[in-house]
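The values are calculated or read from the model by the stated rules, or taken from the named source; none is laboratory data. On a predicted model such as this, the values are computed, not experimentally measured, just so you know. All Cβ positions, even for glycine, are placed from backbone atoms using ideal geometry, and neighbour counts span all protein chains on display.
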């Protein structure tokens, strides 16, 4: 499975418009080659470099989506209307929705991880990353990852 964006290439800088210093909208995402048997997708965006990439202490979760329908293969830039059936989990701001890169110090890495699942996760309401990951155990058919970086402009 492959996850890409027309906004940035792997391990390159995420454009400012998708960050707290810009419009803070989600970048366009595209995926292909989901395995047979895929019933849904889950997407998690996180930053493992909090507070500083030179001395990381925790992960910061920026976006949690699940129950993306199996026939969906993209999310448009700044998506407001998610595909029918898609649910959102809680990010580390304790809210649903996308929260763009906003590193407190230095250049951080941002991991967009897309999971192909063999089930729908209807029992979940607004899970955290940890709760979603626990629910996905034993149901992950494939995972694709796109990593971008960002450092605040002073």
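Go through segment 73-116 residue by residue and tally those that are part of a strand (DSSP E or B) and either under 21 Å from residue 143 (Cα atoms) or free of Cβ contacts under 8 Å to residues at least 60 places away in the same chain (or both). The total comes to 13.
Scanning segment 26-55 for residues that are outside any strand (DSSP E or B) and either in contact with a helix residue (DSSP H, G or I) (Cβ under 7 Å, 6 or more places away or on another chain) or touching a residue at least 12 places away in the same chain (Cβ under 8 Å) (or both) yields a count of 12.
Can you confirm whether residue 135 is more than 12 Å from the chain's Cα centre (by Cα), closer than 30 Å to residue 9 by Cβ and modelled with pLDDT of 95 or more? Considered against the rule, which asks whether it is more than 12 Å from the chain's Cα centre (by Cα), closer than 30 Å to residue 9 by Cβ and modelled with pLDDT of 95 or more, residue 135 comes out as no. Scanning segment 117-150 for residues that are within 27 Å of residue 22 (Cβ to Cβ) and free of Cβ contacts under 8 Å to residues at least 60 places away in the same chain yields one hit, 126. Within segment 56-65, the residues that satisfy the criterion of being surrounded by 14 or more Cβ atoms within 10 Å (Cβ to Cβ), over 11 Å from the mean Cα position of the chain (by Cα) and part of a strand (DSSP E or B) are 59, 60. State yes or no: is residue 80 surrounded by fewer than 15 Cβ atoms within 10 Å (Cβ to Cβ) and modelled with pLDDT of 95 or more? It is false that residue 80 is surrounded by fewer than 15 Cβ atoms within 10 Å (Cβ to Cβ) and modelled with pLDDT of 95 or more.
Here residue 68 does not fit the description of being under 13 Å from the mean Cα position of the chain (by Cα), in a loop (DSSP other than H, G, I, E, B), at pLDDT 95 or above and farther than 20 Å from residue 17 by Cβ. Looking only at residues in segment 121-132 that are within 18 Å of the chain's Cα centre (by Cα) and farther than 14 Å from residue 61 by Cβ, the one that is surrounded by the fewest Cβ atoms within 10 Å (Cβ to Cβ) is 125.
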